[in-house]
Amino acid sequence: MKIREFELERYFAKYEFHVQYMLSPSDCEPLGLTELLGMADDECRELWSTLRLSYTEPYGCPALLTEIAKRYRHAEENGVVTAAPEEAILLTFMALLEPGDHVVAVSPAYQSLHELPRALGAEVTPWTLRLRDGRWTLDIEELFRLFRPETKILVLNFPHNPTGFIPTEEEYLTVLDQAAKRGIFVLSDEMYRGLEHSAANILPAACDFLPYAASLSGLSKAFALPGLRLGWLCSQDRAFLRRVASLKDYTTICMNAPGEILGIVALRNADRILDRSRRLVGGNLRLTEAVFARHPESLFWAPPLGGSTAFPKLSETIPVAEFCRRVVEERNLMVLPDTVFDVNWNHIRIGLGRRDYPAAIAVFEDFLGSCESSACG
Ligand SMILES: Cc1ncc(COP(=O)(O)O)c(C=O)c1O
């Protein structure tokens, strides 16, 4: 299998555990084990204290599947298979694609949403977000022109990483409807669901709308538990889920046993955890708006509608590659350049979910100030 290195993950691997400040992580401030266990009800405390570190059920522990299903409107029609979120992306493409198939995928995007179908022999056409009149937009008419008779999968990701874009519900349902009419499977990456900045932007899950679709979600972002490696695919298409479960025999076989119990605790306390994440992101968003208002000549900001990330543009006088290299060397601050998303638009990704974001953005602003007075490039 010929597969390119995962640029974003390599960049994180190089700096994440070595730098003092991070401006760009996509998760929300991870919860501690004690904090999470403190939320456990009697049943979960019993499950935790009697836990055996055995293999677990291939689809996931039934109590966990029940908690996941409750997060969808059509809990009875939908089935669920658990997997690490990244693994679920791989298994979906392996389950559905043959060499020569065609995939349309929202772009820029988390690299595996493009790279894995390509590595499996499919042709991938990007459906590209563009900045228009200070807003991120996706052109739906353009999408219809990208569809071909051999298009097998449409990959969506709302709230979108990195821009925080969310289409209107009308636009979204039009896209789902048109994909369904053409028999195209929709892989809807909903990893940042629960982090919409306004209730008006909350979209229905794709699996609640289409029989031929999968909603991918997990506990890594809004639920602040990336270290559990717990995600899932929810779909009305049972044949698809069976295929995913049987392919999982070649990856992890089953979910890790402690993670399942901790996942039940988290899902039973969803309101509290999501509220914590939304408050963190909201506070950091307001701080960012103030920073951007102080630097209108150097920073352009299309505010995110949801998620924990945003994708601002730096002035062309401050080349992003050079800026990111120097800021990590000189200020110990990691900032993610847009090139890891396969675009070269002079943007950076910022991540709004961490508790130490105020310190990171202060270092960023200070360095930006020195670039403004001395030309960074
Ligand atoms: C859009 C999107 N999908 C999937 C994933 C994978 O999630 P995980 O790292 O928990 O496997 C990420 C992680 O950043 C993501 O941003």
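The values are calculated or read from the model by the stated rules, or taken from the named source; none is laboratory data. Just so you know, these numbers come straight off a predicted model, no measurement behind them. Don't worry about glycine lacking a Cβ; one is built from the backbone with ideal geometry, like all the others, and counts go over all protein chains shown. Areas reflect the complete protein model, heavy atoms only, side chains present, ligands, DNA and RNA absent. Shrake-Rupley method; radii C 1.70, N 1.55, O 1.52, S 1.80 Å.
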1 or more residues within 16 Å of the ligand (Cβ to nearest atom): qualifying helices (runs of 4 or more DSSP H) within region 8-76:
62-69
Matching option when the condition is touching a residue at least 12 places away in the same chain (Cβ under 8 Å), over 25 Å from Arg130 (Cβ atoms), assigned to a helix (DSSP H, G or I) and under 25 Å from the mean Cα position of the chain (by Cα), among Ala321, Ala360
Ala360
Which is modelled with pLDDT of 95 or more, in contact with a strand residue (DSSP E or B) (Cβ under 6 Å, 6 or more places away or on another chain) and of a type in the set (A, V, I, L, M, F, W, C), of Phe367, Phe341, Phe311, Phe323?
Phe311
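Quick check on my filter: what residues within region 96-111 are in contact with an Asp or Glu (Cβ under 9 Å, 6 or more places away or on another chain), more than 8 Å from Phe341 (Cα to Cα) and within 16 Å of the ligand (Cβ to nearest atom)? Steps first, please.
We begin by selecting, within region 96-111, every residue in contact with an Asp or Glu (Cβ under 9 Å, 6 or more places away or on another chain); these are 100-103, 106-111.
Applying the additional criterion that residues be more than 8 Å from Phe341 (Cα to Cα) yields 100-103, 106-107.
Val103, Val106, Ser107, listed by residue number.
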Among the residues of region 305-318 satisfying the criterion of being in a loop (DSSP other than H, G, I, E, B) and open to solvent by 10 Å² or more (accessible area, probe 1.4 Å), which is farthest from His18 (Cα to Cα)?
Leu305
Yes or no: region 87-100 includes at least one residue that is under 21 Å from the mean Cα position of the chain (by Cα), among the small types (Gly, Ala, Ser) and either more than 16 Å from Leu216 (Cα to Cα) or open to solvent by less than 10 Å² (accessible area, probe 1.4 Å) (or both).
yes
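Being among the charged types (D, E, K, R), away from the ligand (no atom under 16 Å from the Cβ) and in contact (Cβ under 8 Å) with a residue 24 or more places away in the chain is the filter here, so list the residues in region 158-196 that pass it. Give the steps one after another, and end with the answer.
Taking region 158-196 and keeping what is among the charged types (D, E, K, R), we get 169-171, 177, 181-182, 189-190, 193, 196.
Among the residues that remain, those that are also away from the ligand (no atom under 16 Å from the Cβ) are: 169-171, 177, 181-182.
Result: Glu169, Glu171, Arg182.
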Need the failing condition index for Thr151 against (1) within 24 Å of Arg132 (Cα to Cα); (2) more than 16 Å from the ligand (Cβ to nearest atom), just the number.
(1)
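Tell me the residue from Ala245, Ala302, Ala266 that is in a loop (DSSP other than H, G, I, E, B) and surrounded by 18 or more Cβ atoms within 10 Å (Cβ to Cβ), please. So that I can check it myself, show each step before the final result.
Numbers: Ala245 fails: in a loop (DSSP other than H, G, I, E, B); Ala266 fails: in a loop (DSSP other than H, G, I, E, B).
Residue meeting the stated conditions: Ala302.
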With the first residue restricted to region 125-149 and required to be under 19 Å from Leu299 (Cα atoms), and the second required to be of a type in the set (Gly, Ala, Ser) and open to solvent by less than 40 Å² (accessible area, probe 1.4 Å), Cβ contacts under 6 Å at 6 or more apart or on different chains are Leu131/Ala302; Gly134/Ala302; Arg135/Ala302; Trp136/Ala302
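If you check Asn256, Asn269, which single one turns out to be out of contact with any Cys (no Cβ under 9 Å at 6 or more places or on another chain) and away from the ligand (no atom under 15 Å from the Cβ)?
Asn269
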Identify the single condition in (1) more than 27 Å from Met1 (Cβ to Cβ); (2) modelled with pLDDT of 95 or more; (3) not aliphatic (A, V, I, L, M) that Asp133 does not satisfy, given that it satisfies every other one.
(2)
